[in-house]
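Accompanying notes for the structure given below.
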Amino acid sequence: MITRCALVSIAAMAAALPVVLGAQGTFPTTPPPPTRLAPAKLPPFEQATLSNGVRLVLVERHGLPVLSVTLGVPAGSLLDPVGKDGLASLSAALLTKGAGRRAAEEIASAIENVGGSINSGSGPHNIGISVDALSENAPLVFQLIGDAIARPTFPEKEVELLRTQTLSGLQLQLSLPATIAGRLFARGLYGDAGYGRAATPASVRSITRGDIVAFHAANVKPKGALLVIAGDITLAKAKALAEQAFTGWTGAPAAKAAALEAPARDKTEILLVHRPGSVQSNIVIGNTAFAASDPRFYALTLANRVVGEFADSRLFMILREQKSWTYGAYSAYTRRRDIGEFSATAEVRTAVTDSSVVEMLAQLRRIGAEPVTAAELTSVKESLVGRFPLQIETASQVANMVSSSIQLGLPANYLATYRTRIAAASVAELQSAAKAAIRPEASYIVVVGDAAQLYDKLAKIAPTKIVSVQGEAMTPAQLTAKVEAPKWDLSKLVASRDSFVVFVQGKPFGFQRTSLEKTADGFRYTDDTQLGTFVQQHTELVIDAALGMRSIKQTGKVQGQDMGIDVIYANGHAKGTATAFGATGLKTVTYDTVVVAGAVDDNGISLIVPLLAWAPGAKFVVPMFASGQGKASTKTYAVVGSESVTVPAGTFEAYRVEITASEGPPVTMWVSRGVGAGRVLKYAPAGAPVEIQLAKHEP
């Protein structure tokens, strides 16, 4: 039961309700005008020069007990010797893998025990190292940076581990259309020097520990180095700790990188990179632009924001939202001290590649030809001005921003005045900057896709050259040339058994057992594979005496789910059903597909390897059929070197073979040479910590 007191209270509230509701009509119906934009509030920079010549810049902030220290040394990849591309990058990465009296594990443990982090890396102009931690750990922070930059030990085992990781990463990257496009775009803009250079598997393999030690000794010097500190520390303490940390580190670099000049371009050109069977195209369009210190930077930043920086910019809204040609299209201005760069990118369906190129060029022309609307300018200004404070919130962000601005040669008040300079840019200034820096009439365009479907269409847009994904020149006639199987040495098609151990991160994780048995009119190839408890698979591939495919049956489970293949090869067709894992998970396909003469089922790679004529520099293009997907493809086997390989079965002299496919990640394989040449000793998919090594071979 409700009490009388409660009833009185409810009545009073009800009586007051109309008054409250009526008062709502007096609330503002529009937001208040924005306050006047003020420069960003940053503490003044304090500067000092250390006794060895290092320039120290401190942004003193005592609000939080944190500290971020960044050291940049002018010794980047532009100093890499010819044929040693990647040397600066490897040298930088190894700075934290052994320095002073600490091994790699001890460096990691020391900083992790205080809740901090340490990172090193390189760019075209600089090698850098940064450490973040609580300010109470300032002595450790400076000690770690000092040891890393002045006293690195470059342990041989760390050099080889990093080389292996770098090669694996490179192999995977070089199979990705976006990486292929980016590398060839840079080479097209800058040539084979400067920013056009990049590490390759061959250059990384050629780099020795001696090269790394010599590069560091010659180039990583305090003269010209910049030490930026942000956080809870005074200038006196920072200077004292830095002087102590850099004890013994003296001198100036042996040489400076040569001044860079990009090749002149007065017309639009297209480089079409042939990736057979690709269902989409990666597009990069761009040109060189003015340097970072150019006062037109602020207006160009706004123009880039309008064109394609984010998902509400023109390229994204038109190519994706209006036309449904892509998942995303963007643009970017790359700031450098000497030569800037503007580019626009998109990944689109093959069928709309030419239309996308035309539309992207139209939007790049539009930004320099038409004034943006006042509403559009206001919107992008608010976006850039509003998010800038979020970019200088932490000590680490401030240290990185200050370091970057100094290295780019920007004025001391750049960070403080950034928002006001952005806000002050006019429509006319935006259009003028865009016209100067975005030049679609003299742009370089790279398209990575199926050139057989794209060449004729793209050639109508601009002069078009064709290259393979390895950069080798091709002619239009080669696009329609049929891939023929190599001449197999069928005398080596003999009964055999092989056992392999599957290693994951260096530890045994499973096995693979293969056998080839003679039948009345051909051979039966079987493969039993198990990876922990995740994968169990049995494959049976039947072929005739001339290596012609007849049938494949595969059964098994992947993560507890049934998978399998049941396909018959006959009369130039592959017909059957497959349930296999793909990019989108488990998928079942039923097909009746034409198969080119001589194509090999992709489950029989180990079967065909011994039949090839292996030799230094050998290269074979093999037509394949992926029976798990019902798709034709090709695989290229290229011998890229020779080396000694140790596997559970013993130590062998081997060819190192890189296997690339029109689809899927690349694989590195080691094949025996000499007596018994062609035996698979080891193979490893790129980008994964997995190796399959020969344990036993039975002829």
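Some points to look at:
- Restricting attention to region 43-71, the residues that are assigned to a strand (DSSP E or B) and either open to solvent by 40 Å² or more (accessible area, probe 1.4 Å) or within 13 Å of residue 145 (Cβ to Cβ) (or both) total 13.
Let's see how each residue does on (1) out of contact with any helix residue (DSSP H, G or I) (no Cβ under 6 Å at 6 or more places or on another chain); (2) closer than 30 Å to residue 290 by Cα:
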{"site": "445", "(1), (2)": "yes, yes"}
{"site": "464", "(1), (2)": "no, yes"}
{"site": "501", "(1), (2)": "yes, no"}
{"site": "507", "(1), (2)": "yes, no"}
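- Checking 390, 415 one by one, the residue that is modelled with pLDDT under 90, part of a helix (DSSP H, G or I) and of a type in the set (A, V, I, L, M) is 390 and no other.
- Restricting attention to region 125-160, the residues that are open to solvent by 50 Å² or more (accessible area, probe 1.4 Å) and touching a residue at least 12 places away in the same chain (Cβ under 8 Å) add up to 8.
- Cross-chain or 6+ apart pairs with Cβ under 6 Å, region 305-319 first and touching a residue at least 60 places away in the same chain (Cβ under 8 Å), then β-branched (Val, Ile, Thr) and open to solvent by less than 20 Å² (accessible area, probe 1.4 Å): 305/380; 306/372; 306/380; 307/367
- Of the residues making up region 183-191, not a single one is among the aliphatic types (A, V, I, L, M) and open to solvent by 30 Å² or more (accessible area, probe 1.4 Å).
Per-residue answers, yes or no, for (1) part of a loop (DSSP other than H, G, I, E, B); (2) surrounded by fewer than 18 Cβ atoms within 10 Å (Cβ to Cβ):
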{"residue": "441", "(1), (2)": "no, yes"}
{"residue": "445", "(1), (2)": "no, no"}
{"residue": "466", "(1), (2)": "no, no"}
{"residue": "484", "(1), (2)": "yes, yes"}
{"residue": "511", "(1), (2)": "no, yes"}
{"residue": "514", "(1), (2)": "no, no"}
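- Here is the figure for region 587-608: residues that are among the hydroxyl-bearing types (Ser, Thr, Tyr) and touching a residue at least 60 places away in the same chain (Cβ under 8 Å) total 1.
- Considering region 250-261, and only residues there that are more than 15 Å from residue 77 (Cα to Cα) and more than 27 Å from the chain's Cα centre (by Cα), the residue that is least open to solvent (accessible area, probe 1.4 Å) turns out to be 251.
- Tally of residues being in contact with a Phe, Trp or Tyr (Cβ under 6 Å, 6 or more places away or on another chain) and either assigned to a strand (DSSP E or B) or of a type in the set (D, E, K, R) (or both) across region 657-692: 11
- Against the criterion of being in contact with a strand residue (DSSP E or B) (Cβ under 7 Å, 6 or more places away or on another chain), modelled with pLDDT of 95 or more, in a helix (DSSP H, G or I) and surrounded by 19 or more Cβ atoms within 10 Å (Cβ to Cβ), residue 227 does not qualify.
- Residues considered: 640, 671. Of these, the only one that is β-branched (Val, Ile, Thr), in contact (Cβ under 8 Å) with a residue 40 or more places away in the chain and open to solvent by less than 10 Å² (accessible area, probe 1.4 Å) is 671.
- Some residue of region 196-219 being open to solvent by 10 Å² or more (accessible area, probe 1.4 Å), touching a residue at least 12 places away in the same chain (Cβ under 8 Å), closer than 30 Å to residue 351 by Cα and in contact with a Pro (Cβ under 8 Å, 6 or more places away or on another chain): no
- Unmet criterion (only one of (1) part of a loop (DSSP other than H, G, I, E, B); (2) over 26 Å from the mean Cα position of the chain (by Cα); (3) surrounded by 19 or more Cβ atoms within 10 Å (Cβ to Cβ)) for residue 264: (3)
- In this structure, residue 633 does not satisfy being polar (S, T, N, Q), under 25 Å from residue 497 (Cα atoms) and open to solvent by less than 40 Å² (accessible area, probe 1.4 Å).
- Summed over region 70-112, the residues that are hydrophobic (A, V, I, L, M, F, W, C) and more than 26 Å from the chain's Cα centre (by Cα) give a count of 5.
- Flag for residue 619 being touching a residue at least 60 places away in the same chain (Cβ under 8 Å) and under 28 Å from the mean Cα position of the chain (by Cα): no
- Where a residue in region 376-403 is closer than 30 Å to residue 118 by Cβ and its partner, wherever it lies, is charged (D, E, K, R) and surrounded by 15 or more Cβ atoms within 10 Å (Cβ to Cβ), with Cβ under 6 Å and at least six apart: 388/419; 396/132
- Positions within region 630-655 being of a type outside the set (Lys, Arg) and within 30 Å of residue 597 (Cβ to Cβ), in sequence order: 630, 632, 633, 634, 636, 637, 638, 639, 640, 655
- When 118, 180 are checked against the criterion of being closer than 30 Å to residue 348 by Cα and outside any loop (DSSP other than H, G, I, E, B), a single residue qualifies: 180.
- Conditions (1) open to solvent by 20 Å² or more (accessible area, probe 1.4 Å); (2) farther than 23 Å from residue 424 by Cα; number of the one not met by residue 352: (1)
- The lone exception for residue 341 - which of (1) under 22 Å from the mean Cα position of the chain (by Cα); (2) of a type in the set (Asp, Glu); (3) within 30 Å of residue 62 (Cα to Cα) it fails: (3)
- Figure legend. Inter-residue proximity from region 412-432: first residues free of Cβ contacts under 8 Å to residues at least 40 places away in the same chain, second residues assigned to a helix (DSSP H, G or I), beta-carbon distance below 6 Å, spacing 6+ or different chains. Indicated pairs: 414/405.
- Subset tally (residues that are touching a strand residue (DSSP E or B) at 6+ places or on another chain (Cβ under 7 Å), of a type outside the set (Gly, Ala, Ser) and crowded, with 17+ Cβ neighbours inside 10 Å) for region 320-344: 8
- Condition met for residue 248 (part of a loop (DSSP other than H, G, I, E, B) and in contact with a helix residue (DSSP H, G or I) (Cβ under 9 Å, 6 or more places away or on another chain)): yes
- In the set 236, 303, 254, only one residue is outside any loop (DSSP other than H, G, I, E, B), among the small types (Gly, Ala, Ser) and touching a helix residue (DSSP H, G or I) at 6+ places or on another chain (Cβ under 9 Å); that residue is 303.
- Against the numbered list (1) modelled with pLDDT of 95 or more; (2) touching a Gly at 6+ places or on another chain (Cβ under 6 Å), residue 570 comes up short only at (2).
- Region 273-293, residues that are part of a loop (DSSP other than H, G, I, E, B) and over 22 Å from residue 196 (Cβ atoms): 276, 277, 278, 279, 293
- Among the residues making up region 486-509, those that are loosely packed, with under 11 Cβ neighbours inside 10 Å and assigned to a loop (DSSP other than H, G, I, E, B) are 487, 505, 506.
The values are calculated or read from the model by the stated rules, or taken from the named source; none is laboratory data. The model shown is predicted, which means the values in this text are computed figures rather than measured ones. Heads up, the Cβs are rebuilt from the backbone with ideal geometry, glycines too, and the neighbour counts pull from every protein chain shown. When the accessible area is computed, the model is the full protein with side chains, heavy atoms only, and any ligands, DNA or RNA have been set aside. Shrake-Rupley method; radii C 1.70, N 1.55, O 1.52, S 1.80 Å.
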